[in-house]
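*Asks:* Have a look at the structure that comes next, please.
The values are calculated or read from the model by the stated rules, or taken from the named source; none is laboratory data. Since this is a predicted model, take the numbers as computed values, not measurements. Don't worry about glycine lacking a Cβ; one is built from the backbone with ideal geometry, like all the others, and counts go over all protein chains shown. Just so you know, the surface numbers come from the protein's heavy atoms only, side chains and all, with ligands and any DNA or RNA stripped out. Shrake-Rupley method; radii C 1.70, N 1.55, O 1.52, S 1.80 Å.
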Amino acid sequence: MGEIDDAIERADREAFTREPPKTLKGQINFLMRQLKTTRAVAAELGVSQRSVERYRTGERRHPPKDIRQRIDTAVRSRWQPQVRKRRRRQAAATGGITVETRARFGYTAPIGTTDDGRFRRLTVHLTPEHARRLFEARDAGAGDQEMRQIIADGFKDVYFQDGGARAMDLSEVAINDIDYLDLDY
């Protein structure tokens, strides 16, 4: 996963209206309701079918750290999908997304102006159109670079060009060297 995917996952987790199951037994039972069989749960987690049965009955309570992480990730990725879909639809239709980042921004500018990239810390609310493009690209399996470009286009339109009020001859913005990136919608 790339930086943008991770930021979208964090924003999705913030959308939870209820916390996912915390106990191992509760998490395994939730996965059983989602995937239906112990074989499917075992394949998802990369463990044996018997291990899943042991976790489910409480016979085994402390899986290794990496398996515990896989269980937690599998549960969180399936938890409250309707809440996530509704929040994404709302962001793409009317709300937009807020991007907070510290990164090096470079851009192509006309001769006589500086186009040297520099680190900036920005918090910018992007339009619903940019949110829609970002979610569509992610759902289509776009790479991190393509999603970065969508966010960079949003910064160009909203921040650098101020919706058409300035810097109209700025042709391209690029995001490089991301220190952190956080999304909220």
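*Asks:* Just read off the accessible area of LYS25 with the full protein assembly in place, 1.4 Å probe, to the nearest 10 Å².
*Replies:* Here the residue's solvent-accessible area equals roughly 100 Å².
*Asks:* Okay, moving on. Leaving ligands and nucleic acids out of the surface, order HIS130, HIS62, HIS125 by accessible area at 1.4 Å, largest first.
*Replies:* The ranking, largest first, comes out as HIS62, HIS125, HIS130.
*Asks:* Here's a follow-up. Over the stretch 28-75, with a single point scatterer placed on each C-alpha, what log10 of the ratio I(q)/I(0) does the Debye formula yield at q = 0.16, 0.33 1/Å?
*Replies:* The computed values of log10 I(q)/I(0) come out as -0.34, -1.54.
*Asks:* Let me ask another. Please give the net charge around SER48, taking every other residue with its beta carbon less than 14 angstrom from that of SER48, where Lys and Arg add +1 and Asp and Glu add -1.
*Replies:* +3
*Asks:* What lysines could a cross-link reach from LYS25, if we take a straight Cα to Cα line under 19 Å and drop same-chain neighbours fewer than 8 places away?
*Replies:* Counting by Cα, and skipping residues close in sequence, LYS25 has these lysines nearby: LYS36, LYS65.
*Asks:* Considering only protein heavy atoms, what is the solvent-accessible area of GLU59 at a probe of 1.4 Å, reported in Å² to the nearest 10?
*Replies:* Counting only protein heavy atoms, GLU59 exposes about 120 Å² to solvent.
*Asks:* Give the long-range amide H neighbours of ALA174: residues separated by 5 or more places, or on another chain, with amide H under 5 Å away, using H modelled in the peptide plane at 1.01 Å from N.
*Replies:* GLY106, TYR107
*Asks:* Moving on to the next point. So, with a 1.4 angstrom probe, what is the percent of accessible area on the chain that is carbon and sulfur?
*Replies:* 47
*Asks:* Using helices alone, I'd like the mean residue ellipticity at 222 nm for the chain: each DSSP H run of four-plus residues gives -39500 (n - 2.57), total over residue count, nearest 500.
*Replies:* Per the formula, -14500 deg cm²/dmol.
*Asks:* Now a separate question. Could you tell me which of rounded, prolate or oblate describes the stretch 1-106, using a ≥ b ≥ c as the square roots of the eigenvalues of the alpha-carbon gyration tensor, with rounded for a/c under 1.5 and, failing that, prolate when a/b is larger than b/c and oblate otherwise?
*Replies:* Verdict is prolate for the stretch 1-106.
*Asks:* Could the peptides 139-150, 3-14 be put in order, highest first, of the mean number of other beta-carbon atoms found within 10 Å of their residues?
*Replies:* Put in order of decreasing packing, that is 3-14, 139-150.
*Asks:* Next up: Taking H as built 1.01 Å from N, whose amide H comes closer than 5 Å to the amide H of LEU126, not counting residues under 5 places away?
*Replies:* Sorted by chain and number, the residues that satisfy this are ILE97, THR98, VAL99.
*Asks:* In the neighborhood of TRP79, defined by Cβ-to-Cβ distances under 13 Å, what is the net charge if each Lys or Arg adds +1 and each Asp or Glu adds -1?
*Replies:* Taking every other residue near TRP79 into account, the sum is +3.
*Asks:* Measure nothing fancy, just the Cα-based angle from helix 81-90's long axis to the longest principal axis of the chain, in degrees from 0 to 90, nearest 10.
*Replies:* So the inclination is approximately 10 degrees.
*Asks:* THR57: net charge of surrounding residues, Cβ under 15 Å, Lys/Arg +1, Asp/Glu -1, itself excluded?
*Replies:* Charge balance near THR57 sits at +4.
*Asks:* Oh, and also: Label points 7 Å out from Cα along the Cβ direction at ASN176 and THR123: separation in nm?
*Replies:* Result for the modelled spin labels: 2.8 nm.
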